[in-house]
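Here the structure comes first, spelled out in structure tokens, and everything after it is commentary.
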Amino acid sequence: MPVYFDIHTHSHKARQNVVQVRNLFPNQLDLIEQNPDVWYSVGWHPWHIDANDSDEMFAFLEKAIQNKKVIALGETGLDRSIDESFGRQTNIFIRHLSLAHNAGLPVIVHAVKAYPDIIHIYKKTKARIPLIIHGFRGNHQSAAQLLDHGFYLSFGATLLENNTTLAEVFQNTPEEKIFLETDDSAADIRQLYERAAALRNVRTEQWMETIAHNFDKCFGK
Ligand SMILES: [Zn+2]
């Protein structure tokens, strides 16, 4: 039976017929459940890095990626809209990329006003792992640059809004590079699939197969 994939959520509530990738902070490993439809990404969000000791957090993170339920690092990334030092954010992002590269895991990336920085660091570190830009809401040019580097774009609840540019970007993104997510919104992933299928002019079932295929390819599940 086809299922829905919600590749980035902060919810801890299982939903029938939905495979979730739940987001955890590195010190939340005790929340990992053995539900076959629930997977995890673990990472250090740039909004929270000031409150924690890096070495301790990376020790948690190294432990986390040993767990078979953890299939991605993140969310982590770069955010130019916050006060946290950009240099510190960059160092921490690079450490995530290096860990992910060694473990062969994709990274779920939080990027605010920082798409060029993400690309620059990705190239510089020579990380050979898939990057998923979560909550993508950029323009055609940003999408093209990220796609040029092989990144996936994950679209969230913003896709449900009346935003013509984002709808067009979505329509022009190669289907093999797309994910859908609810993140911290109240949206239902099914709504997002319906909206996506309508924008791509395909049946929802067909869209479910497309995303299932992308999930298998990116996460190796
Ligand atoms: Zn998130």
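Taken along the Cα-to-beta-carbon direction at a fixed 7 Å, the label points for residue 206 and residue 3 span 2.4 nm. Under 18 Å of direct C-alpha separation, and excluding same-chain neighbours fewer than eight residues apart, residue 124 reaches these aspartates and glutamates: 148. In straight-distance terms, cross-link reach from residue 63 covers every one of the lysines whose alpha-carbon lies under 22 Å from its own, apart from those fewer than eight places away in the same chain; here that gives 221. Of the heavy-atom accessible surface of the chain (probe 1.4 angstrom), what whole percent is carbon and sulfur? So the carbon and sulfur contribution to the accessible surface is 46 percent.
Under a Cβ-only charge scheme (Lys and Arg +1, Asp and Glu -1), can you give me the dipole magnitude of segment 56-153 about the Cα centre, in debye to the nearest 20?
Roughly 280 debye for segment 56-153.
Holding the Cα-Cα limit at 26 Å, pick out from 123/177; 69/177; 68/217; 13/126 the pairs that are longer than that.
Beyond 26 Å: 13/126.
If the segment from residue 35 to residue 217 were pulled out straight at 0.36 nm per residue, it would be longer than the present Cα-Cα gap by 63.4 nm. Normalised per residue, the accessible area of the chain is 47 Å², obtained with a 1.4 Å probe and no contribution from ligands, DNA or RNA.
Here the calculated FRET efficiency for residue 128 and residue 198, from their Cβ-Cβ distance with R0 = 30 Å, stands at 0.25, rounded to the nearest 0.05. Here the simple spin-label model places points 7 Å from the Cα toward Cβ, and for residue 162 and residue 102 these points are separated by 5.1 nm.
Taken about its Cα centre, the chain carries a charge dipole of roughly 560 debye when the Cβ of each Lys and Arg holds +1 and the Cβ of each Asp and Glu holds -1.
Extension gain, residue 120 to residue 82, is 11.7 nm, computed as 0.36 nm per intervening residue step minus the present C-alpha separation. Taking every C-alpha pair closer than 8 Å and separated by at least 6 residues, the mean separation divided by the residue count of the chain gives a relative contact order of 19 percent. With the convex hull constructed from alpha-carbon coordinates only, the chain shows a mean projected area of 11.3 nm² over all directions. Here the calculated FRET efficiency for residue 147 and residue 50, from their Cβ-Cβ distance with R0 = 35 Å, stands at 0.60, rounded to the nearest 0.05.
The values are calculated or read from the model by the stated rules, or taken from the named source; none is laboratory data. Computed from a prediction, not measured in an experiment: that's the story for all the values here. A quick note on method: Cβ atoms are made from the backbone with ideal geometry, for glycine too, and the neighbour counts reach across all protein chains shown. Areas reflect the complete protein model, heavy atoms only, side chains present, ligands, DNA and RNA absent. Shrake-Rupley method; radii C 1.70, N 1.55, O 1.52, S 1.80 Å.
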